[in-house]
Amino acid sequence: PVENELLLALQAIDSKKLSTTTDARNGEGFCTDFQLFASTLPEVQLLSKDLMAIASRALSKEVCSFKYSSFFNVFQAGAGTTAHSHIRPQDIQFELWRHKFSLVYYLDPGDQNCGNPGLLRLYKPDMEILPEKGMIVIIPATRMHSSYYEGTKDRMMVGVNFYAFSDCLSLESKK
């Protein structure tokens, strides 16, 4: 469940306008940098711990870190993301793409009674997901996806890109 204390803590974190980003996010709204879970706020640290446990259980793998590539978005009418994946050149260079995942946690799906209620569109195979409050979606980071939202109420979500392995410790011991 989404707790009010978490929403208040997230809204107090420094953010910037979506329109100033140079990534897949665009339109009206706000977002944090990509180090949300580096915050020392207790509510944010608890969320990080809870999401790591959920992701580890869901994937039957050990999640190594959520500290980097984590963010909070507030989408307003006209906001969204262009089709994108979360694979970076270093993921390909070091063959980490097989172990990389993207997670989104919908804190408030916003206004769902509009022409474009912010469906999460996944590609190849094509699929659409209508977010619900408290819903968590985990996909391989290689999966192309997009969204577009036209609701009258703010849509709030937390996202994180992360690596998960069968055993993080055994990877470290092999170095």
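Data table
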read-out: Within segment 25-42, considering residues that are closer than 13 Å to Phe71 by Cα and assigned to a helix (DSSP H, G or I), the one most open to solvent (accessible area, probe 1.4 Å); value: Ala38
read-out: Residue selected from segment 88-122 under the condition part of a loop (DSSP other than H, G, I, E, B) and acidic (Asp, Glu), by the criterion least open to solvent (accessible area, probe 1.4 Å); value: Asp111
read-out: The lone exception for Thr22 - which of (1) part of a loop (DSSP other than H, G, I, E, B); (2) in contact with a helix residue (DSSP H, G or I) (Cβ under 8 Å, 6 or more places away or on another chain) it fails; value: (2)
read-out: Candidates Ser65, Ser85 - the one that is among the polar types (S, T, N, Q), under 17 Å from Phe34 (Cα atoms) and surrounded by fewer than 16 Cβ atoms within 10 Å (Cβ to Cβ); value: Ser65
read-out: Qualifying position, being among the small types (Gly, Ala, Ser) and over 17 Å from Arg25 (Cβ atoms), among Gly110, Gly134, Gly118; value: Gly134
read-out: Those residues of segment 68-82 which are of a type in the set (Val, Ile, Thr) and either in contact with a Gly (Cβ under 8 Å, 6 or more places away or on another chain) or open to solvent by 60 Å² or more (accessible area, probe 1.4 Å) (or both), in sequence order; value: Val74, Thr82
read-out: Residue identified as at pLDDT 95 or above and under 21 Å from Ala141 (Cα atoms) among Phe72, Phe66; value: Phe72
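Yes or no, residue by residue, for (1) without any contact (Cβ under 8 Å) to a residue 40 or more places away in the chain; (2) closer than 21 Å to Leu10 by Cα:
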{"position": "Val63", "(1), (2)": "no, no"}
{"position": "Ser85", "(1), (2)": "no, no"}
{"position": "Asp91", "(1), (2)": "no, no"}
{"position": "Tyr106", "(1), (2)": "no, yes"}
{"position": "Asn116", "(1), (2)": "yes, no"}
{"position": "Glu128", "(1), (2)": "yes, no"}
{"position": "His145", "(1), (2)": "no, no"}
{"position": "Glu150", "(1), (2)": "no, no"}
{"position": "Tyr163", "(1), (2)": "no, no"}
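The values are calculated or read from the model by the stated rules, or taken from the named source; none is laboratory data. These figures come from a predicted structure and were not determined experimentally. Note that we place each Cβ from the backbone using ideal geometry, even for glycine, and neighbour counts take in every protein chain shown. Quick note on the areas: whole protein, heavy atoms, side chains included, nothing else; ligands and nucleic acids left out. Shrake-Rupley method; radii C 1.70, N 1.55, O 1.52, S 1.80 Å.
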